[in-house]
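**Q** Structure below; questions to follow.
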Amino acid sequence: MEMKSMTLLILYATQTGNALDVAERIAREAERRACTVVISSTDDYDANSLPAEDTVIFVVSTTGQGDTPDSMKVFWRFLLQRNLGSHWLEGIHYAVFGLGDSGYQKYNFVAKKLDKRLSDLGATAVVERGLGDDQHPSGYEAALDPWLSSLWSRLNEIKPHFFPKGPDFLVSNEELIGLPKVQVTYHNVNDMDSRLSTATDFKYLQMQIGRARSMSSGKVPHEKSKPDAFLKMVKNFPLTRASHEKDVRHFEFEFVSQVIKYEIGDVLEVLPSQSPAAVDSFIQRCNLDPESLITVHPREMENRHIDNNVNTLDVPIKLRTFVELTMDVTSASPRRYFFEVMSFFATAEHEKERLQYFASPEGRDDLYQYNQKERRTVVEVK
Ligand SMILES: Cc1cc2nc3c(=O)[nH]c(=O)nc-3n(C[C@H](O)[C@H](O)[C@H](O)COP(=O)(O)O)c2cc1C
């Protein structure tokens, strides 16, 4: 018999980052249970290898009108092949958590279709699929918490080999948070690449974006490390009344670099610039020097030879530029994990307690109100 993998695989497909957030949470919870995990975006994973896995957790969102995220298109086309047959995934266990919004007609369509297809291909569900709903007062976390509890208890029952330290073993969150995932190296000013100063404005910006993104721990598809085009916003006005809960806007852009072709229904990924004052205040609050030159490496890569990205990774970038181009400090609502990490570092007892409350299941509704409904950004968390 073929040897099965003893690693729990987490595959995610995201359009705007929520599924990645969920996948990372599942991975952290697995690690706390001494379970070995591999986490991967569906576009980085060869679907041909699925039959060799033991158990796969899928976290997938639905975008467009019931469409798969871009990063899942190839993977999904592969799974739909007729010749795979109803025994192809026999013996494989899986679980699906979907992210969607019940305001859409094709609610969580991708998770539902994936669940059905995996079962048609012979795989066995560990737990019933979970469906996160943006319309819920606490967002997708509301469905995620109970789904995760049943996932771990069911996996403990049927797959005890994933938990070598037993069903009750649980490392504290704090211990895990204390192990940073990335290493930031500070460099001398002389290391700065002199070519940069002679490049044109666009080229310079393009290089900086490529550099910042290649060092960011966020998931950016490889081919997207450089933007396709530069646009100038020429119109921006609200379509909803000021009193409306959501701020829906009409934007118009003009190409200032080469023109790219698009069709109705295409998704435009915009990398806007952030308010310089907010970026400065974030850096100041972290007690860092915005002018310092840094490189950022994932911890695992420390001793590994990196050939593809060696140039990009070796060239330092200004800390301020890195924050500006890779961290959304001015508009994104911080997620639950942010509060968890902040509570670890908080020194004032009342702040620590408040942050811990927000990160706990009891504080979930209040957190959703505080960060999503009231639209607080990272710099506004007080
Ligand atoms: C442009 C757009 C289209 C969407 N279409 C759907 C849809 O058809 N069905 C659905 O259930 N949710 C839909 N959603 C909601 C997303 O699935 C939901 O916000 C989810 O949390 C996004 O996860 P992600 O950040 O991992 O992509 C849509 C969201 C956006 C922004």
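**Q** Within the set of pairs 6 or more residues apart or between chains, which connect a residue that is over 12 Å from A111 (Cβ atoms) and without any contact (Cβ under 8 Å) to a residue 40 or more places away in the chain inside the stretch 8-23 to a residue that is more than 8 Å from the ligand (Cβ to nearest atom) and open to solvent by 10 Å² or more (accessible area, probe 1.4 Å) with Cβ atoms less than 7 Å apart?
**A** The qualifying pairs are A23/I39.
**Q** Across the stretch 117-132, which residue is surrounded by the most Cβ atoms within 10 Å (Cβ to Cβ) among those that are of a type in the set (D, E, K, R) and either in contact with a strand residue (DSSP E or B) (Cβ under 8 Å, 6 or more places away or on another chain) or closer than 18 Å to I26 by Cα (or both)?
**A** Keep residues of the stretch 117-132 that are of a type in the set (D, E, K, R), which gives 117, 120, 128-129.
From what is left, the residues that are either in contact with a strand residue (DSSP E or B) (Cβ under 8 Å, 6 or more places away or on another chain) or closer than 18 Å to I26 by Cα (or both) are 128-129.
On the way: E128: 12, R129: 22.
Among those that are of a type in the set (D, E, K, R) and either in contact with a strand residue (DSSP E or B) (Cβ under 8 Å, 6 or more places away or on another chain) or closer than 18 Å to I26 by Cα (or both), it is R129.
**Q** Just need a number here: residues in the stretch 70-92 that are within 14 Å of the ligand (Cβ to nearest atom) and either at pLDDT 95 or above or over 30 Å from S149 (Cβ atoms) (or both).
**A** At the first step, the residues of the stretch 70-92 found to be within 14 Å of the ligand (Cβ to nearest atom) are 70-73.
Subsequent filtering for residues that are either at pLDDT 95 or above or over 30 Å from S149 (Cβ atoms) (or both) retains 70, 72-73.
Residues meeting the conditions: 3.
**Q** Among the listed residues A95, A111, identify the single one that is away from the ligand (no atom under 16 Å from the Cβ) and touching a residue at least 12 places away in the same chain (Cβ under 8 Å).
**A** Details: A111 fails: away from the ligand (no atom under 16 Å from the Cβ).
Answer to the selection: A95.
**Q** Here is a follow-up. Considering only the stretch 50-70, state which residues are out of contact with any Leu (no Cβ under 7 Å at 6 or more places or on another chain) and surrounded by fewer than 23 Cβ atoms within 10 Å (Cβ to Cβ).
**A** Correct list: A52, D54, T63, G64, Q65, G66, D67, D70.
**Q** Take the stretch 329-352 and flag every residue that is open to solvent by 70 Å² or more (accessible area, probe 1.4 Å) and either in contact with a strand residue (DSSP E or B) (Cβ under 9 Å, 6 or more places away or on another chain) or in a loop (DSSP other than H, G, I, E, B) (or both).
**A** S331, R335, T347
**Q** Let me ask something additional. For the stretch 232-275, name all the residues that are exposed (fewer than 11 other Cβ atoms within 10 Å of the Cβ) and among the polar types (S, T, N, Q).
**A** N236, S243, Q258, S273
**Q** For residues that are in contact with a helix residue (DSSP H, G or I) (Cβ under 8 Å, 6 or more places away or on another chain) and farther than 12 Å from E324 by Cβ, tally how many sit in the stretch 261-289.
**A** Number of matching residues: 6.
**Q** Taking only pairs six or more apart or across chains, which ones have beta-carbon atoms under 8 Å, a first residue in the stretch 343-356 that is of a type in the set (A, V, I, L, M, F, W, C), and a second residue that is surrounded by fewer than 12 Cβ atoms within 10 Å (Cβ to Cβ)?
**A** Qualifying pairs under 8 Å: F344/E174; F344/G178.
**Q** How many of the residues in the stretch 18-60 are within 16 Å of the ligand (Cβ to nearest atom), of a type in the set (A, V, I, L, M, F, W, C) and either more than 14 Å from the chain's Cα centre (by Cα) or not in a helix (DSSP H, G or I) (or both)? Before the answer, list the steps.
**A** Restricting attention to the stretch 18-60, the residues satisfying the condition of being within 16 Å of the ligand (Cβ to nearest atom) are 18-27, 39-44, 57-60.
Next cut, of a type in the set (A, V, I, L, M, F, W, C) only: 19-20, 22-23, 26-27, 39, 57-60.
Subsequent filtering for residues that are either more than 14 Å from the chain's Cα centre (by Cα) or not in a helix (DSSP H, G or I) (or both) retains 39, 57-60.
The number of residues fulfilling the criteria is 5.
**Q** Return a yes/no flag: does the stretch 133-154 have any residue that is more than 24 Å from the chain's Cα centre (by Cα), under 17 Å from R25 (Cα atoms) and assigned by TED's automatic domain parsing to the domain that holds P51.
**A** Scanning the stretch 133-154 turns up at least one residue that is more than 24 Å from the chain's Cα centre (by Cα), under 17 Å from R25 (Cα atoms) and assigned by TED's automatic domain parsing to the domain that holds P51.
**Q** Picking from S214, S281, which residue would you name as being open to solvent by less than 60 Å² (accessible area, probe 1.4 Å), at pLDDT below 80 and not acidic (D, E)?
**A** Working: S281 fails: at pLDDT below 80.
One residue alone meets the criteria, S214.
**Q** Could you check L239 against (1) away from the ligand (no atom under 16 Å from the Cβ); (2) of a type in the set (A, V, I, L, M); (3) in contact with a strand residue (DSSP E or B) (Cβ under 8 Å, 6 or more places away or on another chain); (4) at pLDDT 90 or above and say which number it fails?
**A** For L239, the exception is condition (1).
The values are calculated or read from the model by the stated rules, or taken from the named source; none is laboratory data. All figures in this text were calculated on a predicted structure; none of them were measured in a lab. Glycine also receives a Cβ, built like all others from the backbone with ideal geometry; neighbour counts cover every protein chain displayed. All accessible areas refer to the heavy atoms of the entire protein, side chains included, with ligands and DNA or RNA removed. Shrake-Rupley method; radii C 1.70, N 1.55, O 1.52, S 1.80 Å.
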